[in-house]
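Worksheet: one structure, shown below.
The values are calculated or read from the model by the stated rules, or taken from the named source; none is laboratory data. These figures come from a predicted structure and were not determined experimentally. Note: ideal-geometry Cβ built from the backbone for every residue, glycine included; neighbour counts use all protein chains shown.
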């Protein structure tokens, strides 16, 4: 009963050797299954599978390499659960094969801008699509991000993307917005986003917040990446109270506890 009032929790499954907090942790089938079973036990709502690190200054990964990482992981997940699976990719080939394997939604950090063929893939299925705001690319986004008004500029970006996607035959009700914490943003930009979740919700689209273990927590609290799950959970609770619809996190159990408490206190 309470869960219907809470944001959905998206558990992160990075099947990469170089992601910023858990790179190399889930590269075997046994490790993938163990991690997924743990998330399922914590009542995860969506599992987000990614095969290419998008941390600051990350190098691009070839299509074949990304496919060799994500497809076996999706197959392994599908053997034990029918939970919604998001494929975290900006490559049309990877998205298409992931959807054919059992993924149910696409999470594109480039908002369908990087690969011209991605719009055709998204238009060709009927599941949700997450579009994220990013200034620059992972290779250069943190060099010197600048905005006149970060919240207004992100909202304007989403308005343009939604209108363009509508013209491409992608139904508006399928679109989820991610303002892109840490993607071409300073500490102050990230805090402004978290304070203004309601501004992004004015469009009527669900809003996803992906703040888990990110470096702004180190800037605020001086914590190494392995000690950031507790502050991540605190922010999750605050985001839940401010109307976030999806929380993308590494520690599902801690986040579930935090948002249940936040919901009970509202």
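Among the numbered conditions (1) within 21 Å of residue 150 (Cβ to Cβ); (2) at pLDDT 95 or above; (3) in contact with a helix residue (DSSP H, G or I) (Cβ under 7 Å, 6 or more places away or on another chain), tell me where residue 248 comes up short.
Here residue 248 meets the rest and fails (3).
Counting only residues that are closer than 13 Å to residue 152 by Cβ and part of a loop (DSSP other than H, G, I, E, B), how many does segment 179-202 have?
Here is the first cut: in segment 179-202, the residues closer than 13 Å to residue 152 by Cβ are 179, 189, 192-193, 196, 199-200, 202.
Pick out the ones that are also part of a loop (DSSP other than H, G, I, E, B) and you get 179, 196, 202.
So the answer is 3.
Any chance you could count how many residues in segment 136-157 are buried (at least 20 other Cβ atoms within 10 Å of the Cβ), out of contact with any helix residue (DSSP H, G or I) (no Cβ under 6 Å at 6 or more places or on another chain) and over 17 Å from residue 53 (Cα atoms)?
Count: 1.
Return a yes/no flag: does segment 224-233 have any residue that is under 19 Å from residue 250 (Cβ atoms), in contact with a helix residue (DSSP H, G or I) (Cβ under 6 Å, 6 or more places away or on another chain) and part of a loop (DSSP other than H, G, I, E, B).
Yes - at least one qualifying residue is present in segment 224-233.
Applying the selection to segment 83-104, what residues are surrounded by fewer than 24 Cβ atoms within 10 Å (Cβ to Cβ) and touching a residue at least 60 places away in the same chain (Cβ under 8 Å)?
Across segment 83-104, there are no qualifying residues.
Do you know which residues across segment 215-230 are free of Cβ contacts under 8 Å to residues at least 60 places away in the same chain and more than 18 Å from the chain's Cα centre (by Cα)?
218, 219, 220, 221, 222, 223, 224, 227, 230
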